[in-house]
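Asks: Below you will find the structure I want to go over with you.
The values are calculated or read from the model by the stated rules, or taken from the named source; none is laboratory data. The shown structure was predicted, so the numbers you read here are calculated from the model rather than taken from an experiment. No Cβ is skipped: glycine too gets one built from the backbone with ideal geometry, and neighbour counts run over all protein chains shown. The area values use the complete protein model at the heavy-atom level, side chains included, leaving out ligands, DNA and RNA. Shrake-Rupley method; radii C 1.70, N 1.55, O 1.52, S 1.80 Å.
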Amino acid sequence: MELPKKLSQKLETRKQNQALRSLPMDYGGIDFASNDYIGFSKSKTIFDRAHELLVSKKVISNGATGSRLLSGNHSLYVETESHIASFHQTAAALIFNSGYDANVGFFSAVPQKGDFILYDEYCHASIRDGIQLSNAKAYKFQHNDDEDLQRLFEYCRSQQNQSALEPEIYIVTESVFSMDGDCSNFEVILSVAEKHNAYVVVDEAHALGVFGELGEGLIQSQHLQDRIFARIMTFGKGLGCHGAAVLGSQELKQYLVNFARSFIYTTALSPHAITSILMGYQQLEKEKETIQKLRNNIIFFNQEKQLLGLKPLFVRSKSAIQCAIIPGNEKVKNIALQLQQNGFDVKAILSPTVPEGQERLRFCIHSYNTTEEISSLMTCLQALL
């Protein structure tokens, strides 16, 4: 059966704009593309220890068999959520099936009608999708701009209905932004939030395993965890497995269990998936040298940018994500292809994923990259430009 004409036309427009997405094959090459920042997805130790724990507990199950509110809440969930909460110095953790599910579930359920959501314009699509499902009013503030955030606070207060309950205001941002690699200034954000009694929510997807002595994330590395209403931790990046957790109070956890639809109406993660999360967290506590190696590689990458005169191309970043702005879908795709042909797995990020004119090469730095590999990559990039 043919595709409806309107859908065909949308695909054709993508093709004409050099923006058509397709599923890539793994052609090998030195990894500068994955989010596996400290190599946990390839860890035989984590794999073997997860298997050993399942065997020791006599768990022989390929699936959870149902949602957690029905038959899927196996005992490993309790152990793992308790460990996560302790590791992140918070009262409670609630595991979701993915970072996308966690963000959609949280933002569609927590802010209520009459409330306001103020979110950084560079927030991830999953946050935006959750906000769209919310009954609250939402406004985006300019990226990392506290003056624009303050302006929106004043606007929200002017819109308040005096006859209704006082609305809550939620400030939403990320610790590390996925398409730029830069970080939020939390001292400034928290200063504004506390002045207005607002709730701060932070997505830490790209900070777990990267920041903090044990990879706890940017919030804990700055000792700010007690001032944050909720954190979303995603496990498919630094932890190398799958799933996510919302961190916060016991009351928040109870609320999400009752009202977050992406939690309630889905089959739970399998015992093996939960065990992998638990083993990943336990391994973080033993990997100080690996995390430090990642930090050293990030520093070295930034030094190479400066040495080769490439720094003006790049968004300022001290995280594992480094982005070189090369406007034009066709141009950036061509350079990415040439880097791949030279043995470097580097991906182009095209519009509309990023705004037109902000197309880029996205480099992900890992603990297992060598300084020789980083130098060769940057030299190759310089020659192609």
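Asks: Does Glu359 qualify as being free of Cβ contacts under 8 Å to residues at least 60 places away in the same chain, buried (at least 19 other Cβ atoms within 10 Å of the Cβ) and on the phi < 0 side of the Ramachandran plot?
Replies: yes
Asks: For segment 68-87, check the following and say yes or no: at least one residue is surrounded by fewer than 23 Cβ atoms within 10 Å (Cβ to Cβ), among the basic types (Lys, Arg) and touching a residue at least 40 places away in the same chain (Cβ under 8 Å).
Replies: Scanning segment 68-87 turns up at least one residue that is surrounded by fewer than 23 Cβ atoms within 10 Å (Cβ to Cβ), among the basic types (Lys, Arg) and touching a residue at least 40 places away in the same chain (Cβ under 8 Å).
Asks: Continuing with the same structure: Just need a number here: residues in segment 32-57 that are among the charged types (D, E, K, R), farther than 13 Å from Thr275 by Cβ and open to solvent by 30 Å² or more (accessible area, probe 1.4 Å). If you could, list the steps in order and put the result at the bottom.
Replies: Step one: of segment 32-57, the residues among the charged types (D, E, K, R) are 36, 42, 44, 48-49, 52, 57.
Filter once more, so that each one left must be farther than 13 Å from Thr275 by Cβ: 36, 42, 44.
With the extra rule that they be open to solvent by 30 Å² or more (accessible area, probe 1.4 Å), the set shrinks to 42, 44.
Residues meeting the conditions: 2.
Asks: I need the helices (runs of 4 or more DSSP H) fully contained in segment 1-89, keeping only those with at least 3 residues that are under 30 Å from Thr370 (Cα atoms). I'd like the intermediate steps shown before the answer.
Replies: Details: elements: 5-16, 44-56, 75-87.
Where helices (runs of 4 or more DSSP H) fall fully within segment 1-89 and carry at least 3 residues being under 30 Å from Thr370 (Cα atoms), they are 44-56.
Asks: On to the next question. Does Glu330 meet the test of being touching a residue at least 40 places away in the same chain (Cβ under 8 Å), surrounded by fewer than 17 Cβ atoms within 10 Å (Cβ to Cβ) and either over 20 Å from Ser34 (Cβ atoms) or of a type outside the set (A, V, I, L, M) (or both)?
Replies: On the way: touching a residue at least 40 places away in the same chain (Cβ under 8 Å): yes; surrounded by fewer than 17 Cβ atoms within 10 Å (Cβ to Cβ): yes; either over 20 Å from Ser34 (Cβ atoms) or of a type outside the set (A, V, I, L, M) (or both): yes.
It is true that Glu330 is touching a residue at least 40 places away in the same chain (Cβ under 8 Å), surrounded by fewer than 17 Cβ atoms within 10 Å (Cβ to Cβ) and either over 20 Å from Ser34 (Cβ atoms) or of a type outside the set (A, V, I, L, M) (or both).
Asks: Now, a different point. Of all residues in segment 213-225 being surrounded by fewer than 24 Cβ atoms within 10 Å (Cβ to Cβ) and free of Cβ contacts under 8 Å to residues at least 60 places away in the same chain, which is nearest to the chain's Cα centre (by Cα)?
Replies: Among those residues, the one meeting the criterion is Leu218.
Asks: Just the residues that are among the hydrophobic types (A, V, I, L, M, F, W, C) and more than 26 Å from the chain's Cα centre (by Cα), please, taken from segment 3-56. Write out each step before concluding.
Replies: Of all residues in segment 3-56, those among the hydrophobic types (A, V, I, L, M, F, W, C) come to 3, 7, 11, 19-20, 23, 25, 30, 32-33, 38, 40, 46-47, 50, 53-55.
Of everything in segment 3-56, those that are among the hydrophobic types (A, V, I, L, M, F, W, C) and more than 26 Å from the chain's Cα centre (by Cα) turn out to be Leu3, Leu7, Leu11, Leu53, Leu54, Val55.
Asks: Next question. Mind listing just one residue for me: the one in segment 120-135 that is in contact with a Phe, Trp or Tyr (Cβ under 8 Å, 6 or more places away or on another chain) and more than 18 Å from Ala102 (Cβ to Cβ) and, of those, surrounded by the fewest Cβ atoms within 10 Å (Cβ to Cβ)?
Replies: In this case the residue turns out to be Glu121.
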